[in-house]
1. Is it possible to state the helix-based mean residue ellipticity at 222 nm for the chain, with each DSSP H run of 4+ residues giving -39500 (n - 2.57), the sum divided by total residues, to the nearest 500 deg cm²/dmol? What is it?
2. By how many degrees, between 0 and 90 and to the nearest 10, does the Cα long axis of helix 73-82 differ from the longest principal axis of the chain?
3. As I understand it, the dipole of the chain uses +1 on the Cβ of Lys and Arg and -1 on the Cβ of Asp and Glu, about the Cα centre. Which of 115, 202, 138 lies farthest toward its positive end?
4. Exposed loop chymotrypsin sites (Phe, Trp or Tyr not before Pro) only (DSSP loop, at most 11 other Cβ atoms within 10 Å): please give the longest stretch of the chain free of them, not including the sites.
5. Of all the Cα-Cα pairs you can form in the range 62-192, what percent are over 26 Å apart?
6. Rounded to the nearest 10 degrees, what's the angle between the helix 125-142 long axis and the longest principal axis of the chain, both from Cα atoms, 0 to 90?
7. Measuring with a 1.4 Å probe in the full set of protein chains, what accessible area per residue, in whole Å², belongs to the chain?
8. Which percent, to the nearest 5, of DSSP beta bridges fully inside the chain are antiparallel?
Amino acid sequence: MDFVTNERSNLISTFERIGPDAPTLCEGWDTEDLLRHMVTREIYPHITLAAKVPWNFSDAIREKNDRLETASFDELLDIYRKGPQKYSPLQVSALNRAFNTLEYVIHHEDIRRAQTPELGRVLDDEDQKAIWGSLKTTGQVSFAMAPVRIILRSPEHGEFTALTTKRHENAVTIVGTPLELALYTFGRSVAQVELEGDPEDVEKVRGMKNTPDE
């Protein structure tokens with residue numbers, strides 16, 4: 001089982017263990033809200049896309065959206081367990097890894113780290129390597145508006161420079177494990193990382209808002 005498939009299975013197990021009313025790190029969302037987001041995004045993405053076009057929902061899409069909005073936690077979990085529909089592009093392994101690796105990781109941590117006591121889990125080096133591979137792509141977008149050049153460094157996996165322009169004369173290096181760097185990249189304040197660079201530049205980076213994961 002590859003990392004993204006295993007992480008999805010572990011995420012489902014955590015939803016089952018915690019139930020519908022537990023807190024998450026996503027502001028305003030409990031675990032039921034987060035699960036509904038996951039179902040809509042992964043199983044019925046056309047509903048999200050339809051909400052962004054200027055014309056009204058079709059009757060079928062409106063009906064599906066209404067059912068999801070009122071579905072119970074157990075109903076949502078049953079839908080999510082079954083996975084993407086037969087002809088979903090997410091049935092292609094490479095697309096699934098690109099689309100979902102960090103989605104699963106970040107939201108799993110959103111649940112795990114919001115509990116008291118915090119839920120435990122172990123990621124081995126291969127797991128961290130899978131996160132690092134996805135982060136090298138996603139990090140480029142997340143730091144596109146950074147006031148300085150951003151370097152992400154994992155002592156065990158190397159480093160890379162996020163997207164830069166000619167305005168980036170100075171640099172700040174963010175150091176941590178791939179998991180912690182992913183959390184920081186997606187704006188989670190719980191991320192255990194160190195920022196290295198000129199103190200003024202470091203403060204600028206600390207004050208910026210990264211791209212949210214919604």
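The values are calculated or read from the model by the stated rules, or taken from the named source; none is laboratory data. Nothing here was measured: the structure is a model prediction, and the numbers come from that model. FYI the Cβ positions are ideal-geometry reconstructions off the backbone, even for glycines, and counts take in every protein chain you see. To get the accessible areas, we keep the full protein, side chains included, count just its heavy atoms, and leave off ligands, DNA and RNA. Shrake-Rupley method; radii C 1.70, N 1.55, O 1.52, S 1.80 Å.
1. -16000 deg cm²/dmol
2. With both axes taken from Cα atoms, the answer is about 80 degrees.
3. Working it through, the farthest residue towards the positive pole turns out to be 138.
4. Between the exposed loop sites, the longest stretch runs 88-214.
5. 37 percent
6. Around 80 degrees separate the two axes.
7. Result: 55 Å² of accessible area for each residue.
8. Within the chain, antiparallel bridges account for around 60 percent of the total.
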